[in-house]
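To keep things clear, I will list the structure first and then write my remarks on it.
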Amino acid sequence: MTDCIFCKIVSGDVPSSKIYEDDHVLAFLDITQVTPGHTLLIPKQHVADLFEMDSDLASTVFARLPKIARQLKEKLGAKGLNIVNNNGELAGQTVFHSHIHLLPRLEEGDELDIRFTTHEPDFAALGQLAQDLYLED
Ligand code: 5GP
Ligand code: ZN
């Protein structure tokens, strides 16, 4: 896609700090570095988000995560790592070429704050919701 910044990174028209590349995916350092080593893993093929991915492409992209995560852990001495994948503007996506953030956690008190606000569920409603959402194999 001609006006897509990540497609331009794939083609080499825009420079990037690559840390992994094969025929199907590219991983490079995020320009904003929320934590040191903050990396983006993208398919080389342009798809906007997870909703547009077929299972073959998803398998290809997601299968690369463990080895890239291990590389970040080993080389940076990370004690943990979060993966974040924003899909849609409301979910915080700003670049509409699907990507997975890998965020190494090096120390307590870093600047990454992922917080889940928990709620006591209505278990009947929860059961109904599960039925409504149930996906046949
Ligand atoms: P999103 O908010 O869509 O999940 O994440 C997009 C990410 O892409 C942001 O963290 C942003 O810093 C990163 N980004 C945007 N443009 C560029 C670029 O030209 N080069 C690199 N390396 N990262 C970029
Ligand atoms: Zn693209």
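The values are calculated or read from the model by the stated rules, or taken from the named source; none is laboratory data. Just so it is clear, the structure is predicted and the values come from calculations on it, not from any experiment. Here Cβ is always computed from backbone atoms with ideal geometry, including for glycine, and neighbour counts include all displayed protein chains. All accessible areas refer to the heavy atoms of the entire protein, side chains included, with ligands and DNA or RNA removed. Shrake-Rupley method; radii C 1.70, N 1.55, O 1.52, S 1.80 Å.
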Exercise. Taking interchain pairs and intrachain pairs at least six residues apart, which have beta carbon atoms under 9 angstrom, with the first residue in segment 81-107 and free of Cβ contacts under 8 Å to residues at least 60 places away in the same chain and the second among the basic types (Lys, Arg) and more than 9 Å from ligand 1 (Cβ to nearest atom)?
Worked result: Leu81/Lys73; Leu81/Arg105; Asn82/Arg105; Glu107/Lys79
For this session: Keeping to segment 11-32, report how many residues are touching a residue at least 24 places away in the same chain (Cβ under 8 Å), open to solvent by 40 Å² or more (accessible area, probe 1.4 Å) and either closer than 19 Å to Gln93 by Cβ or away from ligand 2 (no atom under 16 Å from the Cβ) (or both).
Result: 2
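Which of the residues that make up segment 4-49 are among the small types (Gly, Ala, Ser) and within 10 Å of ligand 1 (Cβ to nearest atom)?
Keep residues of segment 4-49 that are among the small types (Gly, Ala, Ser), which gives 11-12, 16-17, 27, 37, 48.
Ser16, Ser17, listed by residue number.
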Seminar exercise, completed: The residue from Thr60, Thr118, Thr35 that alone is more than 13 Å from the chain's Cα centre (by Cα), open to solvent by less than 40 Å² (accessible area, probe 1.4 Å) and over 21 Å from Cys4 (Cβ atoms) is Thr35
Seminar exercise, completed: Going through segment 67-99 in order, the residues found to be more than 17 Å from Val25 (Cβ to Cβ) and part of a helix (DSSP H, G or I) are Lys73, Glu74, Lys75, Leu76, Glu89, Leu90, Ala91
For this session: Check segment 73-95 and report whether any residue there is over 27 Å from Tyr20 (Cβ atoms) and either at pLDDT 95 or above or in contact with a strand residue (DSSP E or B) (Cβ under 7 Å, 6 or more places away or on another chain) (or both).
Result: yes
